[in-house]
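A short worksheet on the structure shown next.
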Amino acid sequence: ADTCIYIDEETFIGPGVCIEGPGNIKIGKRCMIAAHSGIYANSHNFANSLEPIKHQGVTRKGIVIEDDCWIGHGVTVLDGVTIGQGSVIGAGTVVNKNVPPLSVAVGVPARVIKSRISQSLWEEGVGISGT
């Protein structure tokens, strides 16, 4: 099957960004991806210590970066991850698991440190889905 890298409108990709998409990558609208980040939609199998890693094959789960995300400088996004709409990923972060919408995530590995949902909207019952 053919693989696809899809980048939607008004998305900025900084210099030196590597987008490697054998497992498919979808990047939404109005995202900002800072310089020297890497988005890798594949991973090597390495379970068998008697066989060269190079010969053990790869997985290709794919990556989704939803609309309006800001990916900081030098972030690495690993295979199988979805970064939810409106999320901010701090510089140098390694994203190895899903990030919920409207989150701020930092660190190696990534950990969500706060939500971007404003307290006033939260009190009015306007959740992430906007209902």
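Ranked by Cβ crowding within 10 angstrom, fewest neighbours first, how are H44, H55 ordered?
The most exposed by this proxy come first: H55, H44.
Can you tell me how the range 61-121 classifies by the Cα gyration tensor, rounded, prolate or oblate, using a/c under 1.5 as the rounded cut?
prolate
So which chymotrypsin sites (Phe, Trp or Tyr not before Pro) in the range 1-95 are both in a DSSP loop and have at most 13 other Cβ atoms within 10 Å of their Cβ? It would help to have the intermediate numbers written out before the result.
Values: sites: Y6, F12, Y40, F46, W70; in loops: F46.
Those satisfying the criteria are F46.
Of the listed values (1) 58, 30, 27; (2) 53, 47, 24; (3) 50, 28, 22, grab the one calculated as Cα extents along the principal axes in Å from the structure here.
So the structure-derived entry is (1).
Within the chain, which is the longest segment containing none of the GluC sites (Glu not before Pro) that sit in a DSSP loop and have at most 10 other Cβ atoms within 10 Å? Walk me through the numbers before you get to the answer.
Working: sites that count: E9, E124.
In short, 10-123.
Suppose R0 equals 41 Å. What FRET efficiency, 1/(1 + (r/R0)^6) with r the Cβ-Cβ distance, do Q56 and S115 give to the nearest 0.05? Kindly include the intermediate steps, with their values, before the conclusion.
Numbers: r = 39 Å, r/R0 = 0.95.
Rounded to the nearest 0.05, the efficiency is 0.60.
Whats the longest run of the chain with zero trypsin sites (Lys or Arg not before Pro) that are DSSP loop and have at most 16 other Cβ atoms within 10 Å? Let's see the in-between values first.
Numbers: sites that count: K29, R30, R60, K61, K97, R116.
Here the longest run is 62-96.
Every number here is computed from the coordinates shown, using simple stated rules; none is lab data. The model shown is predicted, which means the values in this text are computed figures rather than measured ones. Every residue, glycine as well, gets a Cβ built from its backbone with ideal geometry; the counts of neighbours run over all protein chains shown.
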